[in-house]
1. Restricting to segment 174-188, name every residue that is part of a loop (DSSP other than H, G, I, E, B), under 17 Å from the mean Cα position of the chain (by Cα) and touching a residue at least 60 places away in the same chain (Cβ under 8 Å).
2. Out of all the residues in segment 61-102, which are assigned to a loop (DSSP other than H, G, I, E, B) and hydroxyl-bearing (Ser, Thr, Tyr)?
3. Inside segment 245-263, can you point out the residues that are within 18 Å of GLY297 (Cβ to Cβ) and in a loop (DSSP other than H, G, I, E, B)?
4. Conditions: (1) assigned to a loop (DSSP other than H, G, I, E, B); (2) crowded, with 23+ Cβ neighbours inside 10 Å. VAL273 meets all but one. Number of the miss?
5. Show the residue pairs that are 6+ apart or on different chains and have beta-carbon atoms under 8 Å apart, the first residue being within segment 154-167 and without any contact (Cβ under 8 Å) to a residue 24 or more places away in the chain and small (Gly, Ala, Ser), the second being surrounded by 15 or more Cβ atoms within 10 Å (Cβ to Cβ) and part of a helix (DSSP H, G or I).
6. Does segment 83-90 contain at least one residue that is touching a residue at least 60 places away in the same chain (Cβ under 8 Å) and of a type in the set (D, E, K, R)?
7. From LEU86, LEU72, LEU114, which residue is out of contact with any Gly (no Cβ under 9 Å at 6 or more places or on another chain) and closer than 22 Å to TYR165 by Cα?
8. In the set GLY88, GLY84, which member is farther than 28 Å from TYR272 by Cα and in contact with an Asp or Glu (Cβ under 6 Å, 6 or more places away or on another chain)?
Amino acid sequence: MCFVDPSALVPSPTMSRRGFLGTTLAASLLLPGLAEGAETPPRGGGPGSAGVNLKWFGTNSWEISLGGKTILFDPWFSRGVQTGFLTGKFDPKTPLKVEDALIDQHVKKADQILIGHGHWDHLADIPYIAKKTGAQVIGSETHANLLRAFGVPEGKIVQVKGGEYMQFDGYTIEVFPGVHSMGPSKKFAVPGHLYHVPPTPTTVGELPEGDSLIYLITVGGKYRVFLMSTANYIERAITGLKPDIALVGSIFANQTYDYTPRLLRALNSPRYVLPTHWDNFEKPLSEPPEDLRALFGDPANLDLWVKDVKKVSPKTSVVTLKYFDSFAP
């Protein structure tokens with residue numbers, strides 16, 4: 001997750017009551033981002049001429065469909081888990097809960113599952129989905145050890161560290177090292193790595209970050225989709241990738257130096273940017289997505305981040321989705 005030290009996650013002391021009411025009202029009337037030039041997908045997702053379809057399940061959970069294949073990125077649906085994280089009262093002993101009925105409703109198949117990092121709102125549902133679909137799961141050593149602890153078959157686990165360039169039928173997946181986003185304290189909660197298979201985790205605090213990874217999917221040797229799970233990156237690792245679509249984290253991006261300009265320059269100003277992990281992930285998927293500006297002020301205001309993107313890269317289209325919406329460029 002864009003997951004920071006909970007001691008730093010308190011409502012913004014600089015936000016006035018008038019400002020709070022104004023931003024809350026605006027958020028209720030308009031999907032975040034649209035006020036500053038973001039777009040929504042066309043009816044049906046779009047023309048689909050690229051042969052790629054992206055569906056958002058909230059948080060950093062995505063389905064990427066291409067040529068009859070399905071790739072899931074950080075699939076997580078079990079938002080009924082209330083950890084106290086967003087109120088600055090995070091309880092790492094909160095029990096894990098997998099909402100299998102909701103998963104069964106929305107996940108029918110998967111060929112690969114990509115893990116951005118290991119926090120519960122990224123990894124907790126993956127063992128169930130992997131065993132349900134028989135998908136191959138790609139992640140770091142920590143992620144692999146967690147999958148083993150949950151009983152995912154060894155033959156379905158692909159352990160990576162960055163630098164891997166994997167060929168599949170009609171597409172490739174390239175892996176790059178990343179870093180986790182930071183809060184005002186320059187920390188994040190539940191850091192760490194697992195070098196051995198642990199007992200089966202039962203609480204959210206037993207799922208550490210365990211490396212953050214970035215992925216590039218290239219379809220048919222030409223159409224490129226960039227995937228990140230946090231609002232942070234290693235500039236030298238991703239410079240020159242030139243994706244057509246970039247899924248980009250935004251919350252607390254202001255804690256990383258020159259975050260948006262450096263990222264867009266490194267990626268050669270993608271044609272499309274799809275904000276990810278910007279919503280309130282402790283509200284149910286049955287409610288409209290909201291950003292977290294009412295709690296954390298400007299660092300969580302998607303409108304302001306979209307404004308930055310449009311300033312740096314005016315020709316980039318920023319596309320925001322509602323839950324379960326699709327975008328087919």
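The values are calculated or read from the model by the stated rules, or taken from the named source; none is laboratory data. In this text, all values refer to a predicted model and were calculated from it rather than measured experimentally. Glycine also receives a Cβ, built like all others from the backbone with ideal geometry; neighbour counts cover every protein chain displayed.
1. Residues of segment 174-188 part of a loop (DSSP other than H, G, I, E, B): 179-188.
Add one more test, that the residue is under 17 Å from the mean Cα position of the chain (by Cα), and what stays is 179-183, 188.
Those that are part of a loop (DSSP other than H, G, I, E, B), under 17 Å from the mean Cα position of the chain (by Cα) and touching a residue at least 60 places away in the same chain (Cβ under 8 Å): HIS180, SER181, MET182, GLY183, PHE188.
2. Of segment 61-102, the ones assigned to a loop (DSSP other than H, G, I, E, B) are 61, 67-68, 74-84, 88-94, 96-99.
Within segment 61-102, SER61, SER78, THR83, THR94 meet the criteria.
3. First, the residues of segment 245-263 that are within 18 Å of GLY297 (Cβ to Cβ): 249-256, 259-260.
Scanning segment 245-263 gives SER250, ILE251, PHE252, THR256.
4. With respect to (1) assigned to a loop (DSSP other than H, G, I, E, B); (2) crowded, with 23+ Cβ neighbours inside 10 Å, VAL273 is out only on (1).
5. Final answer for the pair search is none.
6. Checked against the condition, which is being touching a residue at least 60 places away in the same chain (Cβ under 8 Å) and of a type in the set (D, E, K, R), segment 83-90 yields at least one hit.
7. Details: LEU86 fails: closer than 22 Å to TYR165 by Cα; LEU114 fails: out of contact with any Gly (no Cβ under 9 Å at 6 or more places or on another chain).
None of the others qualify; the one that does is LEU72.
8. Numbers: GLY88 fails: in contact with an Asp or Glu (Cβ under 6 Å, 6 or more places away or on another chain).
Unique residue meeting the criteria: GLY84.
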